[in-house]
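The values are calculated or read from the model by the stated rules, or taken from the named source; none is laboratory data. All figures in this text were calculated on a predicted structure; none of them were measured in a lab. Every residue, glycine among them, receives a Cβ derived from its backbone with ideal geometry; neighbour counts consider all protein chains shown. The accessibility values were calculated without ligands, DNA or RNA, using every heavy atom of the protein model including side chains. Shrake-Rupley method; radii C 1.70, N 1.55, O 1.52, S 1.80 Å.
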Amino acid sequence: MGEEEKMVRVREFIMEKDLPAVEELERLCQAGLSGDNAGGGRGGGKKKRGMSLYAEQIGDPFARVRHAPDHVILVAECGDEVVGVIKACVRMVTRGSSSSSSSSSLRKTKMKTNKFVKAACLLGLRVSPSHRRLGIATELVRRAEEWCAARGATYATMATTASNAASLALFQGRFKYAPFRKPRFLGHPVHRHRARVPRAHRVLQLPPPLAAAAYAALLPAAAAPEFVPADLPALLAHKLTRGTYLAVERSPGAGAPSSFAVLSVYDATRSLSFRVGGAPPLLRASLAAARALDRRAPWLRVPSVPDVFRPFGAYLLYGLHMSGPAGAALLRTLCRHAHNVARNNPACAVVAADVAPDDPAAAAVPHWRRFSCDEDVWCIKKLTSVAANANAGDDDNDWTAAPPSSVLFVDPREF
């Protein structure tokens, strides 16, 4: 161990003292291509055919973890310089369904119920480029795991991209995390023109209490959803949730099965800044020309794309669910409605959703290939500390080995 490594100290983040240094770390770690980032998370970018989608946190440094009752930011300090940071939170989420038996004198039935587990989320790991390969990332992850285990977490999870070799080597190699889930990121640009909503469909906005009741009824039946937060009602009532919307048919056919779709819209423009890098000059020029034409001849309704080569914001769709023969069409209608909601915010350039690859909703969500990505990798580890084992009675099988659910709930607060 080198002399410089011995001087590194890990402690909790102090807002007044550490904010400028942590913001600078965030900026430095966004500068490289996918895979250059030293730790977990989407900060290293999503790479697609030479182009990368970068995400950078802005505003409140606690924004991605503050919703959890237990949350922390740890920094690594070398002398008086902050050279690394990691964020962590512990919250209750569903881990899929479990079967419970109830018997009567006439029959025995099995009921599916959502099972909650205390899971930690490690995110936002950053190490200064000038202090890498000194064991700083390892120490930050180790201390974060200890902090989460002490608060009763049974599992720890992290998210990265398939091209982030450094992150995968650290978490899978040194800390024995296992690849777990691979959500698809589906993005669609926000155009200047309103998207057309079919007149045969009716869109209703649900107040938060009704939305919470609807999800409580729908999600347990939705093929054992994973990662649904126990505080979902609080998320639905969050000031950045722009609304929960239900789409139904105005005049369904006589005797036809009922169809509906539901989703919620979250405004991430205040907490995340995106940017597309690595685009060829010809693509940049063609998109700029389309914007210019649309400004001069709006009646042509040219599908011009905002300038995504500069920082922009996004609206995130979550809680996507559809049912019935017209469910896919109704979900597409809701996505168009969400697009129209996003048009009212000048900072928003993209509407996006993260869904499980086997989720039927994935095929119904409108998206552009160049704004979408299937590189995300979620990894998981069962914590083996005494604190984690105290919850073993609540865990009748190992979640790390469970087959994936077709419904993956991605909490937009942690994106």
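Test ALA347 against the stated conditions and say whether it is surrounded by fewer than 18 Cβ atoms within 10 Å (Cβ to Cβ), of a type in the set (A, V, I, L, M, F, W, C), touching a strand residue (DSSP E or B) at 6+ places or on another chain (Cβ under 7 Å) and in contact (Cβ under 8 Å) with a residue 40 or more places away in the chain.
When the stated conditions are applied, ALA347 passes them.
Picking from LEU218, LEU235, LEU240, which residue would you name as being surrounded by fewer than 20 Cβ atoms within 10 Å (Cβ to Cβ) and within 28 Å of GLU375 (Cα to Cα)?
LEU240
Let's see how each residue does on (1) in contact with a Ser or Thr (Cβ under 7 Å, 6 or more places away or on another chain); (2) modelled with pLDDT of 90 or more; (3) closer than 23 Å to LEU170 by Cβ; (4) in a strand (DSSP E or B):
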{"residue": "VAL85", "(1), (2), (3), (4)": "no, yes, yes, yes"}
{"residue": "VAL93", "(1), (2), (3), (4)": "no, yes, no, yes"}
{"residue": "THR113", "(1), (2), (3), (4)": "yes, no, no, yes"}
{"residue": "LEU125", "(1), (2), (3), (4)": "no, yes, yes, yes"}
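From the set of residues in segment 176-202 that are open to solvent by less than 20 Å² (accessible area, probe 1.4 Å) and in a loop (DSSP other than H, G, I, E, B), which is nearest to ALA401 (Cα to Cα)?
Only one residue fits best here, namely TYR177.
Here's the yes/no breakdown for (1) in contact with a helix residue (DSSP H, G or I) (Cβ under 9 Å, 6 or more places away or on another chain); (2) more than 30 Å from PRO360 (Cα to Cα):
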| residue | (1), (2) |
| --- | --- |
| SER259 | yes, no |
| VAL262 | yes, no |
| ARG275 | no, no |
| PRO280 | no, yes |
| ARG284 | no, yes |
| LEU293 | yes, yes |
| VAL305 | yes, no |
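With respect to GLY313, is the statement that it is of a type outside the set (Asp, Glu) and at positive phi true?
For GLY313, the condition - of a type outside the set (Asp, Glu) and at positive phi - is not met.
Somewhere in segment 288-302, is a residue closer than 27 Å to ALA159 by Cα, open to solvent by less than 40 Å² (accessible area, probe 1.4 Å) and among the aliphatic types (A, V, I, L, M)?
no
Can you tell me which residues in segment 320-340 are open to solvent by less than 30 Å² (accessible area, probe 1.4 Å) and in a helix (DSSP H, G or I)?
Matches in segment 320-340: GLY327, LEU330, LEU331, THR333, LEU334, CYS335, ALA338, HIS339, ASN340.
Of the residues LEU168, LEU140, which is within 23 Å of MET7 (Cβ to Cβ) and either open to solvent by 40 Å² or more (accessible area, probe 1.4 Å) or not in a strand (DSSP E or B) (or both)?
Residue meeting the stated conditions: LEU140.
Among the residues of segment 150-165, write down those that are part of a loop (DSSP other than H, G, I, E, B), surrounded by fewer than 24 Cβ atoms within 10 Å (Cβ to Cβ) and on the phi < 0 side of the Ramachandran plot.
ARG151, ALA162, SER163
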